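Everything below concerns the one structure shown next.
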Amino acid sequence: MTTIQGVKFEGEAVAPTLPRDIQTDEMVFNMGPQHPSTHGVLRVVVKTDGEVVLDCHPLIGNLHRCAEKILENLTYTQGMPYVDRMDYLGALNNEMGLALAAEKIAGVEIPKRAQYLRVIMCELNRVISHLFCAGQFGLDMGAFTPFLYMFREREEGISLINQVTGGRLLYHYIRYGGVTRDANQEWLDAAHKYCDVVRSHMDEYNNLLTYNRIFLNRTCGVAMIDKDTCLRYAVTGPILRAAGIQRDLRKDMPYSSYEDFDFEVPVGPFEEGVVGCSWTRHRQRLYEIEQSLDIVQQAIAKIPDGAFAHPKVTRAWKAPAGEAYVATESPRGELGFYIISDGSKMPYRVKTRGPSFSNISLLGECSRGLLIGDLIALIGSTDITLGEVDR
Amino acid sequence: MSLSLLAGAETQAMSTHIANFVADFVGLEATWPFHALSMLVVATVVVLVFVTPAGLAGIYLERKIAGRAQNRVGPNRVGPYGLLQTLADGVKLLTKEDYIKPGTDEALFRFAPYIVFLSVFAGICVMPFGPGLTPANLDVGLFFFLAMIGIETIGIVMAGWASNNKWSLLGSMREVAQVISYELPLGLSAMVPVIAAGSLSLVELTDYQQGPIWNWFIIRNGYYAIVGIPAFLVFFVSGLAACKRAPFDLPEAESELVAGFHTEYSGMRFGMFFLPEYVLMLTVACVSTVLFLGGYHDPFGLSAEGGMFHGVLWWGVMWFMGKSILSWLLVMQLRWTLPRLRVDQVMYLCYKVLLPISLVLILLVAALKLIEGAN
């Protein structure tokens, strides 16, 4: 155990890839919080031997905003916008989790149309979140243009969601008992068309980035996160699926009518790459985009008429005494909300299980022996949102 | 060679003229200090009047190309079509605070941009821009160019070392690793046309390719294509590495090393790294034009010996710049298309792929030369 700059490093890791005939001094880098590739305000203390990473230690907390404590001091309805700020790239999925947990305590069955609207919005949100991540990963690997190509479709998706929810990134759309606004048929048609547009651009992304020879060389078999490591660190989401474990809560523990839709859960490995490498994680996300587009189109085709919110759940609604834990599949993995209610207008306790928090914890173990460029591939392909890590 | 004398004659005459004029003005003999001074003036004027605007135009073009490649518009606010944007940015850089953070090796830190700037601008001075338009017509022009890009590296290593920043240090370490990798294939692939032409002078190399397009080295007489085309590709790829352009932009890899060796540089000191980068790209494009694409000769064989077309100068300049700018644009297009290689992959590519290819090409071209001589 060595301590450098107040950070404890476990053991003396030796770079496995390069022979160490020459003894050189080790160097400690502070990657972040302003580094371009740490995706927010993550600080990673990296111990290196030249370019080879010997060990690294993520330091979190720069974006800590006491989100859970704030939720405990606001009424149920007031608290909803705060969860948007956790995983700000997949905000609707956060709202979904919180709403489902509180509704589970109260035993509220929400109208079918509201459930479908939630699914449509959450899946669109997943699409734009994955587009962001895939583009960002390309950017980390030095490809600037694919990032902006993906942003073009992402922007369309954002303005589409904006038309109904009134927000671009932080929506405050899902409420207890349903959603705030209904979507008309015109919008549903537009959303259906948007799905086709994104699907038509998938080849473009793949040709430009995913199957680019340089990109393949950079990412295939690099920054491995294997099945065993995933299970030990409670890693979920695309990383887990790319490591070859078929687990998707939308399929395994359906919520909000996900059982109505017919979709495949893609599991690595794919055409190139191996199980658990960073290319597989990237491809995984692109496949999940296509799968989400399928779900959206099915939901639009099947959406029933009716109310978009439960008539009994009003603005002053509060959950009865009780407790509930609900886990949902957010773009980053298993997002859980645990709420204890004492019957008052504010929840007694809220605890979030953020997937990014678990996913980031493997950074130290999986980075040993990588080059600095590969460490960027590791961080980029784990797709963490610091808002959710720090909460 | 009479041809090379002719090529240098115009700039020579110009500086002699200035020397005589100044000497006459102050009423002294036109002795060597006047000649030296006037040659300096001519070289400076060439750099200021031609190369700097070319570098600025390159930055503008790069931004426009990046814009087009990425579904954006690019600069379009300052001046017509945003043409003055780069100038405006230059003014901005000049007015920025000249900040040197504590702990830097100040002398080296201040000196490094000048080395980069000077070596790159010196490198372009040996280019034959048109018939008789060679600012400095050296017999070893190609060698001079290779030496200058070697010296540029020293400036970059100096900058990275003096910055007292680990990212900068890593960037300059990568630059060193990259230089010793790409310089071998770059130099050896440049030797292929040199062996064929039998000269290191860029003017002689150009005039060796005088005539229609099948006299250009890349496809000379048809059968030279088997060495010309691969040698051009090897030179182009190593040239990309020499310019630190994507996919070889490791020393300044933004997503990995923040900004690499110039992380700590701001204001015009940063500008002194930025402008030479574009000039170096142009220089490498010019050298590949001279070596492989016939220099200032047009593809129809219209220009006479020495590159003049019915006594018209701009004809040759137009073809030279046209060809150079095309490969310049290709370099820019590549940057906005490709991801970045990893540091070990650059070395692998240079040592294990490009170097053997260029060695084989040298053998082949020597064999071709022998066969030609035998016939």
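Under the condition of being without any contact (Cβ under 8 Å) to a residue 12 or more places away in the chain, out of contact with any helix residue (DSSP H, G or I) (no Cβ under 6 Å at 6 or more places or on another chain) and within 14 Å of chain A (Cβ to nearest Cβ), the residues counted in the stretch B:132-173 number 1. Here A:GLU388 meets each of (1) more than 20 Å from A:PHE29 (Cβ to Cβ); (2) in contact (Cβ under 8 Å) with a residue 24 or more places away in the chain; (3) surrounded by fewer than 24 Cβ atoms within 10 Å (Cβ to Cβ) with one exception, condition (3).
Kindly check whether there is at least one residue in the stretch B:70-83 that is outside any loop (DSSP other than H, G, I, E, B) and within 14 Å of chain A (Cβ to nearest Cβ). No.
Yes or no, residue by residue, for (1) in contact with a Gly (Cβ under 7 Å, 6 or more places away or on another chain); (2) of a type outside the set (S, T, N, Q); (3) part of a helix (DSSP H, G or I):
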{"residue": "A:ILE105", "(1), (2), (3)": "yes, yes, yes"}
{"residue": "A:ARG113", "(1), (2), (3)": "yes, yes, yes"}
{"residue": "A:ILE120", "(1), (2), (3)": "no, yes, yes"}
{"residue": "A:LEU124", "(1), (2), (3)": "yes, yes, yes"}
{"residue": "A:PHE132", "(1), (2), (3)": "no, yes, yes"}
{"residue": "A:GLY142", "(1), (2), (3)": "no, yes, no"}
{"residue": "A:TYR149", "(1), (2), (3)": "no, yes, yes"}
{"residue": "A:GLU155", "(1), (2), (3)": "no, yes, yes"}
{"residue": "A:LEU160", "(1), (2), (3)": "no, yes, yes"}
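Residues of the stretch B:184-200 include at least one that is farther than 25 Å from B:LEU338 by Cα and polar (S, T, N, Q).
Can you say whether B:TRP319 is in a helix (DSSP H, G or I), closer than 25 Å to B:PHE121 by Cβ and out of contact with any helix residue (DSSP H, G or I) (no Cβ under 7 Å at 6 or more places or on another chain), as far as the supplied structure shows? Against the criterion (in a helix (DSSP H, G or I), closer than 25 Å to B:PHE121 by Cβ and out of contact with any helix residue (DSSP H, G or I) (no Cβ under 7 Å at 6 or more places or on another chain)), B:TRP319 qualifies.
Yes or no: the stretch B:100-117 includes at least one residue that is at pLDDT 90 or above, buried (at least 18 other Cβ atoms within 10 Å of the Cβ) and among the β-branched types (Val, Ile, Thr). There is at least one residue in the stretch B:100-117 that is at pLDDT 90 or above, buried (at least 18 other Cβ atoms within 10 Å of the Cβ) and among the β-branched types (Val, Ile, Thr).
For first residues located in the stretch A:116-145 and away from chain B (no Cβ under 14 Å), partners that are β-branched (Val, Ile, Thr) and in a loop (DSSP other than H, G, I, E, B) and lie 6+ apart or on another chain with Cβ distances below 7 Å form the pairs A:TYR116/A:ILE303. Selection over the stretch B:295-344 of residues that are surrounded by fewer than 18 Cβ atoms within 10 Å (Cβ to Cβ), polar (S, T, N, Q) and without any contact (Cβ under 8 Å) to a residue 60 or more places away in the chain gives a count of 0. Per the conditions (1) of a type in the set (S, T, N, Q); (2) within 21 Å of the chain's Cα centre (by Cα); (3) assigned to a helix (DSSP H, G or I), the sole criterion not satisfied by A:GLN246 is (3).
Residue-wise test of (1) closer than 30 Å to A:ARG181 by Cβ; (2) over 17 Å from the mean Cα position of the chain (by Cα); (3) surrounded by fewer than 20 Cβ atoms within 10 Å (Cβ to Cβ).
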position: A:ARG285; (1), (2), (3): yes, no, no
position: A:PRO304; (1), (2), (3): yes, yes, yes
position: A:ALA319; (1), (2), (3): yes, yes, no
position: A:ALA327; (1), (2), (3): yes, no, no
position: A:THR352; (1), (2), (3): yes, no, no
position: A:SER358; (1), (2), (3): no, no, no
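Scanning the stretch A:60-71 for residues that are of a type outside the set (Gly, Ala, Ser) and buried (at least 16 other Cβ atoms within 10 Å of the Cβ) returns A:ILE60, A:LEU63, A:GLU68, A:ILE70, A:LEU71.
May I ask you to list the residues in the stretch B:338-350 that are in contact with a helix residue (DSSP H, G or I) (Cβ under 6 Å, 6 or more places away or on another chain) and of a type in the set (Ser, Thr, Tyr)? Matches in the stretch B:338-350: none. Within the stretch B:228-251, the set of residues being away from chain A (no Cβ under 14 Å), in contact with a helix residue (DSSP H, G or I) (Cβ under 7 Å, 6 or more places away or on another chain) and either assigned to a helix (DSSP H, G or I) or without any contact (Cβ under 8 Å) to a residue 60 or more places away in the chain (or both) comprises B:GLY228, B:ILE229, B:PRO230, B:ALA231, B:PHE232, B:VAL234, B:PHE235, B:PHE236, B:SER238, B:GLY239, B:ALA242. Within the stretch B:174-186, residues that are away from chain A (no Cβ under 14 Å) have Cβ atoms under 6 Å from residues that are of a type in the set (Ser, Thr, Tyr) and buried (at least 19 other Cβ atoms within 10 Å of the Cβ) in these pairs: B:VAL179/B:THR153; B:TYR182/B:SER238; B:PRO185/B:SER238; B:PRO185/B:SER358; B:LEU186/B:SER238, counting only partners at least 6 apart in sequence or on another chain.
The values are calculated or read from the model by the stated rules, or taken from the named source; none is laboratory data. This structure is a prediction, so every number in the text was calculated from the model and none was measured. Counting neighbours? That spans all protein chains shown, and the Cβs are built from the backbone with ideal geometry, glycine included.
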